[in-house]
Amino acid sequence: MCDLDEIKEKIRAAMESQGTYTEDLDLCITLCAGSYMAFQIALNDISKKRMKSYVKEVSRENNDKLTAHPAFKVLFDALEATRKQLRELGLTFQTLSASDADEVNDLINEVNKIDRDGEGE
């Protein structure tokens, strides 16, 4: 699992590759990285255990009742927070996970270079 600084660097690199990074967004990047890390921790917790999607609770009338497992709510809330913060930064999970050596990014950069210079490689 990545640490907070690695996640912040991934977000910063993705924004720099899109040309949208400024130092003014560092606080937003930190908040987004924190949410993403919370999502990873929740996902890791769920995947470690053989858990069910529900838990058994006993009501005050002493009846058994099944309710949704709270770990899934934590996971979903962290996912939603991360998705919203990425959207505010103009990113998606896909752009965050794309590497600099991505063939699609290379193609897009080549097309942009042709548009800008009038010629390719």
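The values are calculated or read from the model by the stated rules, or taken from the named source; none is laboratory data. All values derive from a computational prediction rather than experimental measurement. Quick reminder, even Gly has a Cβ in these numbers, built from the backbone with ideal geometry, and neighbours come from all protein chains shown. The accessibility values were calculated without ligands, DNA or RNA, using every heavy atom of the protein model including side chains. Shrake-Rupley method; radii C 1.70, N 1.55, O 1.52, S 1.80 Å.
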Hey, among GLU9, GLU61, GLU16, which residue is out of contact with any Pro (no Cβ under 8 Å at 6 or more places or on another chain), open to solvent by 50 Å² or more (accessible area, probe 1.4 Å) and in a loop (DSSP other than H, G, I, E, B)?
GLU61
By residue number, the members of segment 1-46 that are under 12 Å from the mean Cα position of the chain (by Cα) and among the aromatic types (Phe, Trp, Tyr) are TYR36, PHE39
I'm trying to understand the selection: among the residues of segment 49-58, which are closer than 29 Å to CYS2 by Cβ and either surrounded by 13 or more Cβ atoms within 10 Å (Cβ to Cβ) or of a type outside the set (Lys, Arg) (or both)?
MET51, SER53
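Quick grid of which residues meet (1) touching a His at 6+ places or on another chain (Cβ under 7 Å); (2) open to solvent by 80 Å² or more (accessible area, probe 1.4 Å); (3) modelled with pLDDT under 90:
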| residue | (1), (2), (3) |
| --- | --- |
| ALA42 | no, no, yes |
| SER47 | no, yes, yes |
| LEU66 | no, yes, no |
| ALA71 | no, no, yes |
| VAL104 | no, yes, yes |
Quick test for you: out of LEU89, LEU27, pick the one residue that is open to solvent by 40 Å² or more (accessible area, probe 1.4 Å), of a type in the set (A, V, I, L, M, F, W, C) and at pLDDT 85 or above.
LEU27
